[in-house]
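Only one structure is covered here, and it is reproduced in the block below.
The values are calculated or read from the model by the stated rules, or taken from the named source; none is laboratory data. Computed from a predicted structure; not experimentally measured. So basically every Cβ, Gly included, is an ideal-geometry build from the backbone, and we count neighbours across all protein chains shown. Keep in mind that these areas ignore ligands, DNA and RNA; they rest on the heavy atoms of the full protein, side chains included. Shrake-Rupley method; radii C 1.70, N 1.55, O 1.52, S 1.80 Å.
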Amino acid sequence: MGSPKSRAALERLGRELRGARLRRGIAIADLAVRAGTSASSIARLEKGDPGVGIGTLADVLVVLGLLDRLADLIDIRKDDLGLALAAERQPRRGRSSAATLRRQQDKDKATHGGADVIDMDGASF
């Protein structure tokens, strides 16, 4: 059930939850009561069982004071691949060559006071 990568990630999550619980000095039974679940669900969660619901995880994180960490799991500002793909799909506004030429002419007029510039070969710009 599940890929080896997801299994390893869930086991690590379980170890981290167990560590957080132990650092706070909370027994499994107490955590279960406070989270509104069973002690066996807490034990399964700490073992990385993929069958434990995400709602149970959220309730445990509330008790441990770590709920904000759940919201940070998928932070779209840190999703480099998703941001790159979204940028590729954005419509690109092009500029017409006439608009570019007009802008260049306006810039040249401002630079040269609106007078034509004549180069040494006699060509007028």
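Given (1) modelled with pLDDT of 85 or more; (2) hydrophobic (A, V, I, L, M, F, W, C); (3) open to solvent by 70 Å² or more (accessible area, probe 1.4 Å), identify the lone condition not met by residue 74.
The number of the failed condition is (1).
Part of a helix (DSSP H, G or I), modelled with pLDDT under 95 and β-branched (Val, Ile, Thr): is that true of residue 100 in this structure? Talk me through it step by step, then tell me what you get.
Details: part of a helix (DSSP H, G or I): yes; modelled with pLDDT under 95: yes; β-branched (Val, Ile, Thr): yes.
Yes; evaluated as a whole, the condition is true for this residue.
From the list 45, 31, exactly one residue is open to solvent by less than 30 Å² (accessible area, probe 1.4 Å), aliphatic (A, V, I, L, M), in contact with a Gly (Cβ under 8 Å, 6 or more places away or on another chain) and closer than 13 Å to residue 64 by Cβ. Which is it? Full working, then the answer.
Values: 31 fails: in contact with a Gly (Cβ under 8 Å, 6 or more places away or on another chain).
From the options 45, 31, the qualifying one is 45.
Right, residue 91: in contact (Cβ under 8 Å) with a residue 24 or more places away in the chain and either of a type in the set (Asp, Glu) or out of contact with any strand residue (DSSP E or B) (no Cβ under 8 Å at 6 or more places or on another chain) (or both) or not? Outline the logic, then answer.
Details: in contact (Cβ under 8 Å) with a residue 24 or more places away in the chain: no; either of a type in the set (Asp, Glu) or out of contact with any strand residue (DSSP E or B) (no Cβ under 8 Å at 6 or more places or on another chain) (or both): yes.
So residue 91 does not fit the description; no.
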